[in-house]
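The values are calculated or read from the model by the stated rules, or taken from the named source; none is laboratory data. Remember, it's a predicted structure, so these values are computed and weren't measured experimentally. Note that each Cβ is placed from the backbone with ideal geometry, even for glycine, and that neighbours are counted across all protein chains shown.
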Amino acid sequence: MNEQLLANIPAFGSQPAMVVDCPLALQPVVDAGIRSASDWYNDPHPRPLWRQLAYARAMYEPDGPRQAFESGFLNHLQQRLRHLQQEQPCSCCLEQGS
């Protein structure tokens, strides 16, 4: 499918933007997934991650919209984790580079 017709996740920190396998019409749902992941990450007293995802995604119909939400949620968390890893590599990552 043409990338112009697909939803995307904006760049975060050192991580580039991502094109996701969801129709552009579902961009608002992808954005809701991104916001939900950010809300969980930025909350000083977060609920467990699995609960945040399970409760938030339950608002969407299975298949297209739910998959779009999950894609935004999980890909944004992946961006954040990779950004953190580049900013502050853990000792196990440093050992692998040796």
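Just to be sure, is TRP50 surrounded by 18 or more Cβ atoms within 10 Å (Cβ to Cβ) and of a type in the set (Phe, Trp, Tyr)? Against the criterion (surrounded by 18 or more Cβ atoms within 10 Å (Cβ to Cβ) and of a type in the set (Phe, Trp, Tyr)), TRP50 does not qualify.
Every residue, every condition in (1) crowded, with 19+ Cβ neighbours inside 10 Å; (2) on the phi < 0 side of the Ramachandran plot; (3) touching a helix residue (DSSP H, G or I) at 6+ places or on another chain (Cβ under 7 Å), yes or no:
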position: PRO46; (1), (2), (3): no, yes, yes
position: ASP63; (1), (2), (3): no, no, no
position: SER71; (1), (2), (3): yes, yes, yes
position: ARG80; (1), (2), (3): no, yes, yes
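Per the conditions (1) at pLDDT 95 or above; (2) outside any helix (DSSP H, G or I); (3) not β-branched (Val, Ile, Thr), the sole criterion not satisfied by PRO44 is (1).
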